[in-house]
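Enquirer: After the C-alpha cells below, expect a handful of questions from me.
The values are calculated or read from the model by the stated rules, or taken from the named source; none is laboratory data. Note that the structure is a prediction, hence the values are computed from the model and not measured. Methodologically, a virtual Cβ is constructed for each residue, glycine included, from the backbone with ideal geometry; neighbour enumeration extends over all protein chains shown. Surface areas here come from the heavy atoms of the whole protein model, side chains and all, with no ligands, DNA or RNA. Shrake-Rupley method; radii C 1.70, N 1.55, O 1.52, S 1.80 Å.
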Amino acid sequence: MAVSLLAACGSSQGAEPASPDDPVKVKVGVVPAAPAAAIYLGEEKGFFTDAGVDLKTSPAQTGAAVVASLLNGELDSGYISSVVAVQAMVKGVPIQFAAGGDSVPTDPSRRMYGGVVVREDSPVRAPEDLAGRTVAVNALQGVDHLAALAMVDKAGGDSAKVKFVEVPYPEQASALRAGRVDAVAGTDPFYSQALKQGGRSVGKLLEALGPGALVSGYVVTKQYAAKHQEEVKRFAEGMSQSSSHAMDHDGQVRKAIQAHTEIPADIVAGMNLPTFEPKLDTEAVQTVIDLMVTYKFIDEPIDAQQAVAGAGR
C-alpha cells in the first residue's frame, strides 16, 4: 500500500496558503465511531467557525481509506487510529498528526469504552488466565491487539502464550458463544453487545496502552502541513475547543454519537465515553510508538517530534 499511496498526490495539496483574514476550508474524513463525536459536536456548536475554519466532514470506512484519500488530495485531514497512523509512517507514508482524537484517561477512575469478554462459564477470571487461549481481535496488529498484549503482561501473564485471531467486530459475539474463540477483545458497541449476550468482562483493554497514550487522532500529509500551516493551526484550535467542550458535556456527546454512528441507542445511553484529547503532545504519541516496538508491530521506533505537525503546537 505504501508505494501506491506515496505515488499519489492531489491538486488540493498545492492550493495557495490561506489569508489570515479569511475562513479556511478544511475537508476531513471521519470514520463514524464514538471517539469522533467531538468533531461532530464542534461542527454543531460552531467551534470551527470560531477558529476561522469552514469545516466539511465526510464519512470514511477505514483508516486505510482515509490515508489514501489524503494522499490523492480528496481530503485535507482524516480521523485514524494512532496504531494505523504510526504503521503508515514507518512504511514511509508522509503523514503527521495534526490534532488529537481520544486518549487513555490519566484519571484511573474514568473507564474506557471496551474490554475483554469471555463466556459466563469460562474458567478465565483475569487477563493472566488467557495464556493458552484464543482471543479474537478486529485486526491483527491493530490498536485492540496491541492493548490486549499489554493488558496480559501488565497483569502478570505471558502474552506470548496467547493466540490472537482476526474476527470482524460484528462476528465476535457469535464466535464467542459458539466456542470458536475463548475471549474477544473489543470496543463499543461490540463490547457491550457481547456482555448483553451472556458474556463476562475479565479486564480493561485500551487502558493498557498507558495513561495519556493517544488512541486516535487526525492526520494530514507532510506536504499539506508545510504548505498550509494556517489551516492546520486553525483546525487544531477548533478540535481543541471541541474536545474540551465534549469532556464537559456527556449528554451532548451521547446525542452526537447516536446521530452520527450506528451504535444502538441503548448502548449509547450506558457506554463509557471516550476521553477526548484537547491538546496533542508528542509524549502521548511516543507512548504508543514505544509499545509498538516492544510488541514488534514495528521494527524500530520513530521520533514523535517528526510524527506531529508543528511538534504538537
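Enquirer: When only residues in region 155-170 that are farther than 15 Å from Thr187 by Cβ and part of a helix (DSSP H, G or I) count, which is most open to solvent (accessible area, probe 1.4 Å)?
Expert: Of region 155-170, the ones farther than 15 Å from Thr187 by Cβ are 155-166.
In the following step, the residues that additionally are part of a helix (DSSP H, G or I) were identified as 159-161.
Details: Ser159: 13, Ala160: 89, Lys161: 128 Å².
Top of the filtered list is Lys161.
Enquirer: Of the numbered conditions (1) assigned to a helix (DSSP H, G or I); (2) at pLDDT below 95, Ser19 satisfies every one except a single condition; which is it?
Expert: Result: Ser19 passes all but (1).
Enquirer: Select from region 239-274 the residues that are modelled with pLDDT of 95 or more, touching a Gly at 6+ places or on another chain (Cβ under 9 Å) and not small (Gly, Ala, Ser) and write down the one among them that is nearest to Glu207 (Cα to Cα).
Expert: Pro274
Enquirer: Picking from Asp50, Asp54, Asp76, which residue would you name as being acidic (Asp, Glu), surrounded by 20 or more Cβ atoms within 10 Å (Cβ to Cβ) and modelled with pLDDT of 95 or more?
Expert: Working: Asp50 fails: surrounded by 20 or more Cβ atoms within 10 Å (Cβ to Cβ); Asp54 fails: surrounded by 20 or more Cβ atoms within 10 Å (Cβ to Cβ).
Step by step, each of Asp50, Asp54, Asp76 is checked, and only Asp76 is acidic (Asp, Glu), surrounded by 20 or more Cβ atoms within 10 Å (Cβ to Cβ) and modelled with pLDDT of 95 or more.
Enquirer: I would also like to ask the following. What number of residues in region 219-238 are of a type in the set (D, E, K, R) and either open to solvent by less than 70 Å² (accessible area, probe 1.4 Å) or outside any helix (DSSP H, G or I) (or both)?
Expert: Looking only at region 219-238, we keep the residues that are of a type in the set (D, E, K, R), and these are 222, 227, 230-231, 233-234, 237.
Adding the requirement that they be either open to solvent by less than 70 Å² (accessible area, probe 1.4 Å) or outside any helix (DSSP H, G or I) (or both) leaves 230-231, 234.
Qualifying residue count, region 219-238: 3.
Matching residues to (1) surrounded by 18 or more Cβ atoms within 10 Å (Cβ to Cβ); (2) part of a loop (DSSP other than H, G, I, E, B); (3) not polar (S, T, N, Q):
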{"position": "Ser240", "(1), (2), (3)": "yes, no, no"}
{"position": "Ser243", "(1), (2), (3)": "yes, no, no"}
{"position": "Ala256", "(1), (2), (3)": "yes, no, yes"}
{"position": "Leu280", "(1), (2), (3)": "yes, yes, yes"}
{"position": "Val285", "(1), (2), (3)": "yes, no, yes"}
{"position": "Ile289", "(1), (2), (3)": "yes, no, yes"}
{"position": "Met292", "(1), (2), (3)": "yes, no, yes"}
{"position": "Lys296", "(1), (2), (3)": "no, yes, yes"}
{"position": "Asp299", "(1), (2), (3)": "no, yes, yes"}
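Enquirer: Sort out which residues of region 20-42 are under 20 Å from Ile263 (Cα atoms) and open to solvent by 40 Å² or more (accessible area, probe 1.4 Å), and write them in order of number.
Expert: The answer is Pro32, and nothing else.
Enquirer: Regarding region 258-270, can at least one residue be identified that is among the small types (Gly, Ala, Ser) and under 17 Å from Arg111 (Cα atoms)?
Expert: Residues of region 258-270 that are among the small types (Gly, Ala, Ser), as a first pass: 259, 265, 269-270.
Restricting the remaining residues to those that are under 17 Å from Arg111 (Cα atoms) gives 269-270.
Yes; the residues of region 258-270 include at least one that is among the small types (Gly, Ala, Ser) and under 17 Å from Arg111 (Cα atoms).
Enquirer: Would you confirm, using the coordinates I've provided, whether Ser216 is in contact (Cβ under 8 Å) with a residue 60 or more places away in the chain, under 25 Å from Val285 (Cβ atoms) and touching a Gly at 6+ places or on another chain (Cβ under 6 Å)? Before the answer, list the steps.
Expert: On the way: in contact (Cβ under 8 Å) with a residue 60 or more places away in the chain: yes; under 25 Å from Val285 (Cβ atoms): yes; touching a Gly at 6+ places or on another chain (Cβ under 6 Å): yes.
So Ser216 passes the test.
Enquirer: A follow-up question, please. Show the residue pairs that are 6+ apart or on different chains and have beta-carbon atoms under 7 Å apart, the first residue being within region 236-263 and among the basic types (Lys, Arg), the second being in a helix (DSSP H, G or I) and open to solvent by less than 60 Å² (accessible area, probe 1.4 Å).
Expert: Arg254/Val268
Enquirer: What residue, of Gln96, Gln193, Gln197, is closer than 25 Å to Pro35 by Cα and more than 25 Å from the chain's Cα centre (by Cα)? Walk me through it before giving the result.
Expert: On the way: Gln96 fails: more than 25 Å from the chain's Cα centre (by Cα); Gln193 fails: more than 25 Å from the chain's Cα centre (by Cα).
Checking each option against the conditions leaves just Gln197.
Enquirer: Name the strands (runs of 3 or more DSSP E) wholly inside region 89-154 in which the number of residues that are open to solvent by less than 40 Å² (accessible area, probe 1.4 Å) and of a type in the set (Phe, Trp, Tyr) is 1 or more.
Expert: 95-103
Enquirer: Identify the single condition in (1) over 21 Å from Val30 (Cα atoms); (2) without any contact (Cβ under 8 Å) to a residue 60 or more places away in the chain that Glu300 does not satisfy, given that it satisfies every other one.
Expert: (2)
Enquirer: Let me ask something else about it. Just to verify a result, which residue in region 188-208, among those that are in contact with a Leu (Cβ under 7 Å, 6 or more places away or on another chain) and open to solvent by 10 Å² or more (accessible area, probe 1.4 Å), is farthest from Gln172 (Cα to Cα)?
Expert: Checked region 188-208; the qualifying residue farthest from Gln172 (Cα to Cα) is Ser201.
Enquirer: Scan region 145-170 and report the pairs whose first residue is on the phi > 0 side of the Ramachandran plot and whose second residue is open to solvent by less than 40 Å² (accessible area, probe 1.4 Å), with Cβ atoms within less than 9 Å and a gap of 6+ or a chain change.
Expert: Hits for this filter: Gly156/Ala126; Gly156/Pro127.
Enquirer: Let me ask something else about it. Hey, does region 219-233 have a residue that's among the acidic types (Asp, Glu), over 15 Å from Pro35 (Cβ atoms) and in contact (Cβ under 8 Å) with a residue 60 or more places away in the chain? Full working, then the answer.
Expert: Initially, region 219-233 is screened for residues among the acidic types (Asp, Glu), giving 230-231.
This time we only want the ones that are over 15 Å from Pro35 (Cβ atoms), so: 230-231.
The next check asks that each one be in contact (Cβ under 8 Å) with a residue 60 or more places away in the chain; those that pass are 230-231.
Yes - at least one qualifying residue is present in region 219-233.
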